[in-house]
Amino acid sequence: ERCAPEQAAGAQRAGECPGRRQGRGEPPPAGSPWSVEDILEEGDEQDRVPLQKLQLLGESEELRDLLLNPHLRQLLLTIDQAEDKSSLMKKYMQEPLFVEFADCCLRIVEPPEKENIMPE
């Protein structure tokens, strides 16, 4: 089963985000239509990952193998349910297993450039 943002039903006024609650930047209630724009603020644009690259995550055997680890799964669930995700992620970046997971994700969505490599 894949998660995909649904398109908001009906036309929206210019500049209106269908899932925003009175401009407070809160996520829409569960079950309501949402889009990526509802989640990201203007300053988050540099952190946006194209959908094609996100799909590569689902195709990665290395990432799937990591996600079989119950400890990693618990860490990810805890982050997902946390109020202060940012500080919790900073804490988890001290855990080798979480760092391995983060590095794996980054290698998939931002492969290292082959620079300064001398041909043999």
Tell me, which residue of segment 73-109 that is aromatic (Phe, Trp, Tyr) and under 19 Å from residue 58 (Cα atoms) is nearest to the chain's Cα centre (by Cα)?
-> 101
Of (1) surrounded by 10 or more Cβ atoms within 10 Å (Cβ to Cβ); (2) over 18 Å from the mean Cα position of the chain (by Cα); (3) free of Cβ contacts under 8 Å to residues at least 24 places away in the same chain, residue 70 fails just (1)
Determine the pairs where a residue that is in contact (Cβ under 8 Å) with a residue 12 or more places away in the chain, located within segment 78-101, has a partner that is hydrophobic (A, V, I, L, M, F, W, C) with Cβ atoms under 6 Å apart, the partner being 6 or more residues away or on another chain.
-> 79/88; 92/75; 92/98; 97/72; 98/75; 101/66; 101/72
Checking residue 70 against (1) modelled with pLDDT under 95; (2) more than 25 Å from residue 111 (Cα to Cα), which test does it fail?
-> (1)
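The values are calculated or read from the model by the stated rules, or taken from the named source; none is laboratory data. The structure displayed is predicted, hence computed values, not measured ones. Note: ideal-geometry Cβ built from the backbone for every residue, glycine included; neighbour counts use all protein chains shown.
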